[in-house]
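Following: one structure in structure tokens, then a few remarks.
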């Protein structure tokens, strides 16, 4: 009876936790326009905290330190934006030559379609006119959506630095709020969870910046070897797109590949660019990122992809950027909650014992489904004796033996104490 009551209590607590989590997700979806700047501000303030602490150690006030950290971040972001815009304008100076090359490629493509699919030029032009008319018909709504998005981006760009400043300046005030909000929990545990959230997010953000720098260098080296102009621009732009996990480098390879098609006489340059960028992505995913970020952000790839998809549904393109820090934060919270530990375990990386060849047998023994082998081991022996009958004695003896461990499944109909033994 006690076990049944315990199971019911755990099930009800788990159900209430999942219901609460669902309601929080609904609230996040409804208030996403307000939450997005807040989430970005929290991530930026966490990444700038070491810099603000450095200024505070230089005997500067907390407010001045936070302002200086924000200013440095703004300067870095504006510098990257200026680099991208300047290089884009510089590339645009050769737009006439590039456009002529693109028109030639389109002309060759049109001829290939005509010869391969037996479609006349008139039919192709008619299809193009239909698509053009549809595009013009939808232009009004597209422009309104675009300008609305630009307005939201500009509003967030002005709001994020202000929110980041207050999060840095009031950080101890917010920490005490959590102490008051979770009075029923041990305060040292609340403090430990807050520190762990900071450590995980900080490790991810700083590690991501390092990985982006290494990837930018690798991309640029590959483009230089292939003889592609503006290698630094294309290599750095592709590395910045790593803010979109798993797909950033792939998207970043499209632009230099198209540029190579436009300026080079051989299409193999574009193929070489795509192949090299995929090699860099393989190195990043299997060598660079695991060694820099490592187990500091322990999320298994399957749950990372699912979290990216869900975050993209909730927040759109911005959700792809904030997905991994959010899921890492949730894992820390779930690990600290007794009712949600199973979900935290599911988000984390598997242990080595889960990936071994005989992991199923060990797992069943661990949870008492299969009995552990007994200490008295069975021994299988093969004895070979050669006897000299005249001398009436053994001349040669050969003994082979093998230890045999047997596990047996516990009968489901057996009493409960047998299962727990």
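The values are calculated or read from the model by the stated rules, or taken from the named source; none is laboratory data. Quick caveat, the model's predicted, so the values are computed rather than measured. Virtual Cβ from ideal backbone geometry, glycine too; neighbours counted across all protein chains shown.
Criterion first (closer than 25 Å to residue 306 by Cβ, modelled with pLDDT of 85 or more and surrounded by 22 or more Cβ atoms within 10 Å (Cβ to Cβ)) does residue 215 satisfy it? Answer is yes for this residue.
Counting the residues of segment 286-323 that are at pLDDT below 80 and within 11 Å of the chain's Cα centre (by Cα) gives 2.
If we scan segment 232-241, do we find a residue that is under 22 Å from residue 301 (Cα atoms), free of Cβ contacts under 8 Å to residues at least 12 places away in the same chain and in a helix (DSSP H, G or I)? There is at least one residue in segment 232-241 that is under 22 Å from residue 301 (Cα atoms), free of Cβ contacts under 8 Å to residues at least 12 places away in the same chain and in a helix (DSSP H, G or I). Would you confirm, using the coordinates I've provided, whether residue 221 is without any contact (Cβ under 8 Å) to a residue 24 or more places away in the chain and in contact with a helix residue (DSSP H, G or I) (Cβ under 9 Å, 6 or more places away or on another chain)? Yes; evaluated as a whole, the condition is true for this residue. Set side by side, the residues 54, 19, 35, 68 differ, and just one is at pLDDT below 90 and either closer than 24 Å to residue 195 by Cα or surrounded by 12 or more Cβ atoms within 10 Å (Cβ to Cβ) (or both), which is 35.
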